[in-house]
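Student: This is the structure I want to talk about, given as structure tokens.
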Amino acid sequence: MWKEKDEDEAYGKPVEYDPSFRGPIKNRSCTDVICCVLFLVFIAGYIVVGIVAWLYGDPRQVLYPRNSTGAYCGIGENEKKPYLYYFNIMSCIEATNIITVTSNGFQCPTAQKVISSLQLEICPAFLLPSIPALGRCFPSDIKSVVLPDSNTLNTTNITQGIDGLLNTLNAREISIKIFEDVARSWYWILIALAISLVLSLLFLLLLRLMVGPLVLVLILGVLGVLAYGIYHCWMEYKTLRDKGAPTISQLGFTTNLAAYKNVQETWLVALIVVSVLEGILLLLLIFLRQRIRIAIALLEEASKAVGHMMSTMFYPLLTFVLLLICVAYWAMTALYLATSGQPRYGWWAPNSSDPGCQDVVINETCQPLVNFSSQLNFSIDKCPGLTCQFLGYSSSGLVQRTLFNLQIYGVLGLFWTINWVLALGQCVLAGAFASFYWAFNKPKDIPTWPLGAAFIRTLCYHTGSLAFGALILTLVQMVRVILEYLDHKLKGAQNPLTRCLMCCLKCCFWCLEKFIKFLNRNAYIMIAIYGKNFCVSAKNAFMLLMRNIVRVVVLDKVTDLLLFFGKLLVVAGVGVLSFFFFTGRIPALKEEFRSPNLNYYWLPIMITILGAYVIASGFFSTFSMCVDTLFLCFLEDQERNDGSPEKPYYMPKNLMKILGKKNKRPSGEKKKRKK
């Protein structure tokens, strides 16, 4: 008895009965106010960083090409000159054999101001037909190269030199074809996404009608796959044994892993492993059959809850929009910060020692868009070829000195806001589904607007608690990002011990992140129900789950199996349908619906599959949150109530039947019925 008492108290005492408890607490106060203030101050700073980036940044440095003077092509005075022309594109090939990308876009060491070159009577070595790509003029037809009679180059040399460059520029043609494919097939993609939405709803409806048979089919399917694995391994082992195939001792150690396929012991080991897995699974099904029945009953109840509150199925759309805003704001802020350096210009002359150029200081600051004569105290004709040359971007100034810190602030803001938005969605859905469970007479006692009420409660009272949980998760994720960065930078200089240590650290923080996500998720459920702060809610949720750890594992695995099957059904179904439609493999559909002629049929297929996965994940994440919420409510219902008229159970009748429990009627009601 003493030992049992110690084990019970190790994970806290069971929840005590509270006569005033009737579901999510309505009279609550703000929680984790300090963290709420910290989060709001951080968001204000995040907005300030965005404003600073907008004031000092210039995305045109990335979006538009510049010529040698630093002037933008296609805007301002050069609005009618949208393309950058490389005067001697051979310089690009000789330097790197490929055009490099810098903060100024594509760069290569060639004079790009044709007028100045003509004034100096520097004629091009060859004329090369070109086409515009990404605002730049690139070679189009090598066979049409025009060479002067006195030129020592030949077409073969130029062809060989530029051939590699053209291969890298095929992206333009590919991008055009991709754009054409999307333009031709966008409405069919939308239809496929609508089909994935319908399939997701149908699967959830199927769960409501026959979740028990579905779980049984999935379990039998897993057992069948393992049984076939046993049969296959045995047949392979028997065949190799009868043929007298070499043993592992005869083969020895080899790096050719394919050689082990023809070794007897390989299939024997595989046979033993698969047989052990089959045996373990059968034993688990035998000893955990009662808990599997509870999991099935909770899944059925979750389907009913979603059916009574269909608005919860579309709440992930709001979460998606908020996540899109967070990512878009960070991306624009990062872009503006990355282009915050101001361009610097200086005077340049082909022959600075020329007597006429003595009055100008080479590299002295100049303005490329201001008339040169007005900036000089002498006539520009005295120094032939004088230009205002682009030197680079300024690295001085407050923004440039703190650029790295501001980018780190932006990344931290990205993670924190994303985690907060996800936490908001989980807490709101938990509040709505908890209202369903704690309604004694369903659906009559369910609140009129459970989702809206849960959203207002969460936003008004628990912003700080959500920010607290999101911050803890963000810090772990930032550590993982830093580890990945260090691993990437030090990959070539690491010894085996360092690599092993780095791998262990990455694995540990990955596990820590998964645990914190699990803990936060259940803490948000407790916050939605009781309105307490994050730490208390996390502790209560953890203790409650640890008191029912076997049920937690069973329910989690059964739910994961069902949702995996659902995602596989939706994504695979839509993917196969898209493949047959866009490739024209179904003649009847091709003639009836006129499937579009595409350059790359895989593009709309991949878009469709990705979209179907996102839609299915959104729907099933709501269902998963419903299961987790009802499960915690069920565990508390068992602890705080006993089925008496004063403490009736709120769980559905099928769950009470599985557990052998029932609600006792008041004595007065029994007498009335007897009369």
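The values are calculated or read from the model by the stated rules, or taken from the named source; none is laboratory data. Just so we're clear, the structure is a prediction, and the values are computed from it rather than from any experiment. Please note: Cβ atoms are built from the backbone with ideal geometry, for glycine as well, and neighbour counts cover all protein chains shown. Surface accessibility is based on the protein's heavy atoms, side chains included, excluding ligands, DNA and RNA. Shrake-Rupley method; radii C 1.70, N 1.55, O 1.52, S 1.80 Å.
Student: Scan region 257-266 and give yes if some residue there is hydrophobic (A, V, I, L, M, F, W, C), over 35 Å from the mean Cα position of the chain (by Cα), more than 30 Å from residue 217 (Cβ to Cβ) and surrounded by 13 or more Cβ atoms within 10 Å (Cβ to Cβ), otherwise no.
Tutor: yes
Student: Follow-up. Identify the residue in region 470-489 that is free of Cβ contacts under 8 Å to residues at least 12 places away in the same chain and hydrophobic (A, V, I, L, M, F, W, C) and, among all such residues, is surrounded by the fewest Cβ atoms within 10 Å (Cβ to Cβ).
Tutor: Checked region 470-489; the qualifying residue surrounded by the fewest Cβ atoms within 10 Å (Cβ to Cβ) is 482.
Student: Has region 328-338 got any residue that is without any contact (Cβ under 8 Å) to a residue 12 or more places away in the chain, part of a helix (DSSP H, G or I) and surrounded by fewer than 19 Cβ atoms within 10 Å (Cβ to Cβ)?
Tutor: Yes - at least one qualifying residue is present in region 328-338.
Student: Looking at the structure I just gave you, is residue 185 more than 33 Å from the chain's Cα centre (by Cα) and modelled with pLDDT under 80?
Tutor: Against the criterion (more than 33 Å from the chain's Cα centre (by Cα) and modelled with pLDDT under 80), residue 185 does not qualify.
Student: Same structure, new question: Please work out if residue 536 is under 27 Å from residue 614 (Cα atoms), open to solvent by 30 Å² or more (accessible area, probe 1.4 Å) and either of a type in the set (A, V, I, L, M, F, W, C) or at pLDDT below 90 (or both).
Tutor: Against the criterion (under 27 Å from residue 614 (Cα atoms), open to solvent by 30 Å² or more (accessible area, probe 1.4 Å) and either of a type in the set (A, V, I, L, M, F, W, C) or at pLDDT below 90 (or both)), residue 536 does not qualify.
Student: Can you go through 632, 610 and tell me which one is under 23 Å from residue 443 (Cβ atoms) and at pLDDT 85 or above?
Tutor: 632 is the lone residue from the list that is under 23 Å from residue 443 (Cβ atoms) and at pLDDT 85 or above.
Student: Kindly list the number of the only condition in (1) modelled with pLDDT under 75; (2) surrounded by 15 or more Cβ atoms within 10 Å (Cβ to Cβ) that fails for residue 618.
Tutor: Exception for residue 618: condition (1).
Student: Okay, moving on. Say we look at region 662-675 and pick out the residues that are at pLDDT 75 or above and surrounded by fewer than 17 Cβ atoms within 10 Å (Cβ to Cβ); which of these is farthest from the chain's Cα centre (by Cα)?
Tutor: 664
Student: Please determine whether any residue of region 436-447 is under 21 Å from residue 21 (Cβ atoms), open to solvent by 20 Å² or more (accessible area, probe 1.4 Å), β-branched (Val, Ile, Thr) and touching a residue at least 40 places away in the same chain (Cβ under 8 Å).
Tutor: Yes, because at least one residue in region 436-447 is under 21 Å from residue 21 (Cβ atoms), open to solvent by 20 Å² or more (accessible area, probe 1.4 Å), β-branched (Val, Ile, Thr) and touching a residue at least 40 places away in the same chain (Cβ under 8 Å).
Student: For residue 516, state whether it is farther than 30 Å from residue 212 by Cα, part of a helix (DSSP H, G or I), touching a residue at least 40 places away in the same chain (Cβ under 8 Å) and in contact with a helix residue (DSSP H, G or I) (Cβ under 8 Å, 6 or more places away or on another chain).
Tutor: yes
Student: Look at residue 348 and say whether it is open to solvent by 50 Å² or more (accessible area, probe 1.4 Å), aromatic (Phe, Trp, Tyr) and modelled with pLDDT under 70.
Tutor: yes
Student: Does residue 428 satisfy the criteria of being part of a helix (DSSP H, G or I), closer than 29 Å to residue 648 by Cα and under 25 Å from the mean Cα position of the chain (by Cα)?
Tutor: Yes: the conditions hold for residue 428.
Student: Additional query: Could you count how many residues in region 401-415 are among the hydroxyl-bearing types (Ser, Thr, Tyr) and open to solvent by less than 50 Å² (accessible area, probe 1.4 Å)?
Tutor: Looking only at that region, the number is 1.
Student: Right, next: Since residue 511 meets every condition but one in (1) under 24 Å from residue 423 (Cβ atoms); (2) without any contact (Cβ under 8 Å) to a residue 12 or more places away in the chain; (3) surrounded by 12 or more Cβ atoms within 10 Å (Cβ to Cβ), which condition does it not meet?
Tutor: Only one criterion in (1) under 24 Å from residue 423 (Cβ atoms); (2) without any contact (Cβ under 8 Å) to a residue 12 or more places away in the chain; (3) surrounded by 12 or more Cβ atoms within 10 Å (Cβ to Cβ) is unmet by residue 511, namely (3).
Student: Here is a further query. Any chance region 99-109 includes a residue that's out of contact with any strand residue (DSSP E or B) (no Cβ under 9 Å at 6 or more places or on another chain), modelled with pLDDT under 60, part of a loop (DSSP other than H, G, I, E, B) and open to solvent by 80 Å² or more (accessible area, probe 1.4 Å)?
Tutor: There is at least one residue in region 99-109 that is out of contact with any strand residue (DSSP E or B) (no Cβ under 9 Å at 6 or more places or on another chain), modelled with pLDDT under 60, part of a loop (DSSP other than H, G, I, E, B) and open to solvent by 80 Å² or more (accessible area, probe 1.4 Å).
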